[in-house]
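Asker: Take this structure, written in structure tokens, and hold onto it; I'll ask about it next.
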């Protein structure tokens, strides 16, 4: 499953793994699970197995087949650092990202301690390549420890997705983070996002020199509430960490 994406902050998705299990309140109304389970039991469908954790080795070659540089969201339908994914398979995913280096890869996880452990071993003594962006998803104050795990990774391309934002984050140190994305929950059971939760993060980003992207207010549908915050669109993007050849191609 590789496709162009409707997600505002990426160009395409690449899913060498699909399926996951819940580990926090941000997972309660998971859009990926809702989509995948619609097709459970449909013979021949890519999600015939529903949202069961599934490895797809036949998809590993896909990025190398895309010749035009893209921003690629890795495992939009899973979490690469799920504890049941063998380290050798994660190695294969990283090897693809390292070799097909004309793309930018966005790897997002809620399992931040496992990502930190993996990256410290793989890049011991060096930094993560700038075209591999590592991020964490943080839904409320109770899960701020993921940010500290992220900040310990030797990378210039750290990012945070505060989506779905389910509560205030509080005053947090975002120094060293390149990019923050904020969004409200969408779907039939969407929980509302208070404006002060979003503006608090925006103000921290301005203080700590972090590019700030406001994705959506959310609601029954992703665009139900629009994407204006205090009457403006916020489309911050960390251009300074994108290798110049890739940035030129993305702009063209």
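Here, each number is a calculation from the coordinates, and none is a lab measurement. Just so it is clear, the structure is predicted and the values come from calculations on it, not from any experiment. Quick reminder, even Gly has a Cβ in these numbers, built from the backbone with ideal geometry, and neighbours come from all protein chains shown.
Asker: Within 10 Å of each residue's Cβ, count the other Cβ atoms and sort 31, 47 from fewest upward. Before the final figure, lay out each step's value.
Answerer: Values: 31 14, 47 21.
Placing the least packed residue first, the sequence is 31, 47.
Asker: With a 10 Å cut-off between alpha carbons and a GNM built on the chain, which of 130, 117, 52 moves the most?
Answerer: 117
Asker: List 99, 78 from most exposed to least, where exposure is judged by having the fewest other Cβ atoms within 10 Å.
Answerer: Details: 99 10, 78 23.
So the ranking, lowest neighbour count to highest, is 99, 78.
Asker: Among 88, 145, 113, whose mean-square fluctuation peaks in a Gaussian network model of the chain (Cα, cutoff 10 Å)?
Answerer: 88
Asker: Right, something else. Just 109, 54, 13 to compare: in a GNM of the chain, with alpha carbon springs under 10 Å, which one fluctuates most?
Answerer: 54
Asker: Given that compact globular proteins tend to follow 2.2 N^0.38 Å, what is the ratio of the alpha-carbon Rg of region 68-251 to that value?
Answerer: Compared with the compact-globule rule of thumb, region 68-251 sits at 1.02.
Asker: Further, regarding this structure: Antiparallel versus total DSSP beta bridges in region 1-152: what percent is that, nearest 5?
Answerer: Antiparallel: roughly 30 percent of the beta bridges in region 1-152.
Asker: At a Förster radius of 22 Å, what calculated FRET efficiency corresponds to the Cβ-Cβ distance of residue 8 and residue 37, to the nearest 0.05? Write down the numbers at each step before the final one.
Answerer: Values: r = 25 Å, r/R0 = 1.13.
So the FRET efficiency works out to roughly 0.35.
Asker: Give me the compactness ratio for region 1-96, meaning the Cα radius of gyration over 2.2 N^0.38 Å. Don't jump to the answer; show the numbers that get you there.
Answerer: Working: Rg = 13.5 Å, N = 96, 2.2 N^0.38 = 12.5 Å.
With N residues counted in region 1-96, Rg over 2.2 N^0.38 Å equals 1.08.
Asker: Can you give me the Cα centroid spacing of region 171-207 and region 130-154 in angstrom?
Answerer: If we compute the Cα centre of each part, the gap is 13 Å.
Asker: Separate question: Can you work out D for region 91-133 in µm² s⁻¹ from Stokes-Einstein, where Rh is the Kirkwood radius over C-alpha pairs, the temperature is 25 °C and the viscosity is 0.890 mPa s? It would help to have the intermediate numbers written out before the result.
Answerer: On the way: Rh = 11.0 Å.
Estimated diffusion coefficient is 222 µm²/s.
Asker: Hey, another quick one. Would you calculate a helix-derived [θ] at 222 nm for the chain, using -39,500 (n - 2.57) for each DSSP H run of n ≥ 4 and dividing by the full residue count, to the nearest 500?
Answerer: -7000 deg cm²/dmol
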